[in-house]
Amino acid sequence: MNTPAISAVVATAATTSITRSATGLHLIGDLYVCRCDQRLMLDAPYLEEFCKQSVEAAGLTTVGSLFHSFGEGDGVTGVVVLAESHLSIHTWPEAGYVTLDVYVCNYSTNNRPKAEKLFETILTAFNPADPHLHRVERA
């Protein structure tokens, strides 16, 4: 059921142009055939420390992190929450596959070069033979 109030909001949202001051950059990678140190694929504490060091080296700010191992020989999922937004990573060692997301907001400064440096550092460490990379400018 489509109520008039909801229809009005949808119509307004579709026709209203909003200037946003907080733009962002979302870098996304599907990394196939990763040829890397297996600790990056299997060891949650090792991957977490690597990610946090990479965040710092890129000039971004860690505010928290959580990494989880799915068990002996299984993958890891993790997130580093940044003052600027986030890094998330998921590994499938049995397939040599990793998904990687780096997203930054640019509210008070242009964080794009820092995000690109972080993404490149992690991409290089996983050394995928077949990377599928995407860049999404958020506005």
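The values are calculated or read from the model by the stated rules, or taken from the named source; none is laboratory data. Values in this document were obtained by computation on a predicted structure and should not be read as measured data. So basically every Cβ, Gly included, is an ideal-geometry build from the backbone, and we count neighbours across all protein chains shown.
Run down Tyr107, Tyr103 and say which single residue is of a type in the set (Phe, Trp, Tyr), under 14 Å from the mean Cα position of the chain (by Cα) and over 20 Å from Tyr46 (Cα atoms).
Numbers: Tyr107 fails: under 14 Å from the mean Cα position of the chain (by Cα).
None of the others qualify; the one that does is Tyr103.
Scan region 77-105 for residues that are in contact with a strand residue (DSSP E or B) (Cβ under 8 Å, 6 or more places away or on another chain), farther than 16 Å from Thr62 by Cα and not hydrophobic (A, V, I, L, M, F, W, C) and report the count.
The qualifying residues number 6.
Does Met1 satisfy the criteria of being modelled with pLDDT of 95 or more and aliphatic (A, V, I, L, M)?
On the way: modelled with pLDDT of 95 or more: no; aliphatic (A, V, I, L, M): yes.
It is false that Met1 is modelled with pLDDT of 95 or more and aliphatic (A, V, I, L, M).
Look through Gly75, Gly59 and report the one residue that is surrounded by 11 or more Cβ atoms within 10 Å (Cβ to Cβ), modelled with pLDDT of 95 or more and on the phi > 0 side of the Ramachandran plot. Even if it seems obvious, please write down each step before you answer.
On the way: Gly75 fails: on the phi > 0 side of the Ramachandran plot.
After ruling out the rest, the residue left standing is Gly59.
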